[in-house]
1. Counting other C-beta atoms within 10 Å, which of R16, R111, R133 has the fewest, and how do the rest follow?
2. Would you mind checking which residues have amide H under 5 Å from S125's amide H? H placed 1.01 Å from N; only 5 or more apart, or other chain.
3. At q = 0.19, 0.24 Å⁻¹, what log₁₀ I(q)/I(0) does region 1-42 have when each alpha carbon counts as one equal point scatterer in the Debye sum?
4. Give me the base-10 log of I(q)/I(0) for region 97-184 at each q in 0.16, 0.17, 0.18 Å⁻¹, Debye formula, one uniform scatterer per Cα, rounded to two decimals.
5. For region 177-185, what does the Karplus curve 6.51 cos²θ - 1.76 cosθ + 1.60, with θ = phi - 60°, yield as ³J(HN,Hα) per residue in whole Hz, taken in order and with x for Gly and Pro?
6. Taking neighbour counts of Cβ atoms within 10 Å as a proxy for exposure, in what order, fewest first, do K89, K39, K141 appear?
7. Which percent, nearest 5, of DSSP beta bridges in region 77-187 are antiparallel?
8. To make sure I understand, if each residue's beta carbon is the centre and we count other beta carbons within 10 Å, what order do V105, V38 fall in, fewest to most?
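Please treat every number below as a calculation from the coordinates, not as lab data. From a predicted model like this one, the values you see are computed outputs, not experimental measurements. Counting neighbours? That spans all protein chains shown, and the Cβs are built from the backbone with ideal geometry, glycine included.
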Amino acid sequence: MKKQSAVGLFFSMFLRAIVIIFGLFIVGFGIFFIVQAVKEGGKNKGPVTTAAANVLTEVDTPDNLMTGETTAQAISTEAPATTEAPVEKQDAKDSSIIVLNSTEVTGLAGRWCDTLAADGYNDTSASDFSEERSQTVIYSKKAGVGEELTSYFNGASYEVGDAPDGSSQDTSVYDIVIIIGTSDSDH
């Protein structure tokens, strides 16, 4: 065995003592944190945040100074605004259509049925509407079905839902109800 000098022996023992103390220090802190975690385990299930209802909170947005973007650019790159899915327009040529005359012009609804039939709208019926309307209104039971019919009339509006009462026939059996207004009485 090699003999060590007194200074070498001192530094060797000093180094071992530091390693042992450091190890005990790590074990002690480990036990302390485990005890704290067990003690607090049932009390707190996650971070608790309380704020008044009128407090503004910061949103995770890119730092404009870091990216070089203007405020408008930064806002436009955020999540897009939610919009409803666009309604798919469907041809009404296979739909049942009733044309109601709300004017004093005799036979107007029948003439409009003939015009629509000439363009392939074959399931059309004509009747009268009890209340006079100035503008033509198209009512459809399904969104997007028959919306193309507005192009036949002067400023016609398109609505989804049931037509109002006022017809001499039951309109609930039809897919589309067209109430002809005085603006389209010159047909």
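1. R16, R111, R133
2. So S125 has HN proximity to I97, I98, V99.
3. The calculated log intensity ratios at q = 0.19, 0.24 Å⁻¹ are -0.66, -0.79.
4. Results for region 97-184 at q = 0.16, 0.17, 0.18 Å⁻¹ read -0.52, -0.59, -0.67.
5. 10, 10, 9, 6, x, 4, 5, 10, 7
6. Exposure proxy ranking, most exposed first: K39, K89, K141.
7. For region 77-187, the DSSP antiparallel bridge percentage is about 25.
8. Least crowded to most crowded, the residues run V38, V105.
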